Amino acid sequence: MTSRVLLVSPAMSVSLRQARFDDGGSLDDGGAARARSAAGSLPSAARVLVSPGVRCRETAAALGLDGVPAADLAGLDVGRWRGRTLDEVGAAEPEAVGRWLTDPACAPHGGESVRDLCGRIARWLADARAVEGRTLAVVEPEVVRAAVVEALNLSAALFWRLDVPPLTVTELSGRTGRWNLRLGRPLAAPHAD
């Protein structure tokens, strides 16, 4: 049995544009329009899941997807840094940010460490492997990173070296105890036949 997991990153939001830790803000007008124009470009799926974040829910709706909320696919909990920009936190707590970006077990913000996120997503992927057919999930970029770290059995230290552009699809196919990876296909308006 082959399981397929398509991870769709959310469209552009003000928070993403400002390098702000997710603050629950909505998609910006351009991001919402781009997602609406890509509606119908994704293949059908046996199940559709959505990270609980606002921008993921709004992206799914703009894509015309009726997804089930999945708490296990929530973005990285950054604790007290939520809503602040990386520049703001870096100026106020440079040593903490440095440790956070280099030590996957570190969580100076009081939230979740990168290693903990990777472990959570690894458990979700193990369960997803048992689902026959395609799973489509609209998730935060850090969830995509964690899934790639797990799928390729990478060190969590490489987490921040993986870039996930807005409104792209990363596809994992699992069979015989391993995952294959297809990276970052951009969503585009469907072609007329």
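For this structure, a couple of remarks:
- Each of Val68 and Glu95 was given a label point 7 Å from its Cα along the Cα-to-Cβ line. The distance between the two points is 4.7 nm.
- Of the GluC sites (Glu not before Pro) in the stretch 106-149, those whose Cβ has at most 14 other Cβ within 10 Å and which sit in DSSP loop: Glu132
- When the chain is treated as a Gaussian network with alpha carbon springs shorter than 10 Å, the biggest mean-square fluctuation among Ser15, Ser173, Ser155 belongs to Ser155.
- Computed about the Cα centre, the dipole magnitude for the chain is approximately 540 debye when only Lys and Arg (+1) and Asp and Glu (-1) carry charge, each at its Cβ.
- Distance between the stretch 36-70 and the stretch 92-143 - C-alpha centres, whole angstrom: 20
- Estimated FRET transfer efficiency (Thr102, Ser26; beta-carbon r; R0 22 Å; 0.05): 0.10
- Among beta bridges from DSSP that stay inside the chain, the antiparallel ones total about 55%.
- More than 18 Å apart - percent of Cα-Cα pairs taken over the stretch 3-57: 38
- Per-residue extension of 0.36 nm, minus the Cα-Cα distance of Ala188 and Arg82, leaves a gain of 35.1 nm for this segment.
- Projected-area mean, the chain, by convex hull of Cα positions, square nanometres: 10.5
- The stretch 101-165: Cα Rg divided by the 2.2 N^0.38 Å rule of thumb: 1.14
- Test item: Cα-centred dipole of the stretch 54-113, Lys/Arg +1 and Asp/Glu -1 on Cβ, debye: 120
- Top of Ala156, Ala92, Ala105 by mean-square fluctuation, Gaussian network on the chain, Cα under 10 Å: Ala92
- Ordering of 18-24, 75-81 by packing [mean C-beta count within 10 Å, highest first]: 75-81, 18-24
- Helical contribution to [θ] at 222 nm, DSSP H n ≥ 4, -39,500 (n - 2.57), averaged over the chain, rounded to 500: -9500 deg cm²/dmol
- Note on the stretch 83-131: dipole from Cβ charges, positive end direction compared against Trp124, Ala107, Leu86; the farthest Cα belongs to Trp124.
Taken together, the values in this text are just the output of simple stated rules run on the coordinates, not laboratory data. Note that the coordinates shown come from a computational prediction; the quantities given were computed from them, not determined experimentally. Using ideal geometry, Cβ is built from the backbone for each residue, glycine included, and neighbour counts are taken over all protein chains shown.
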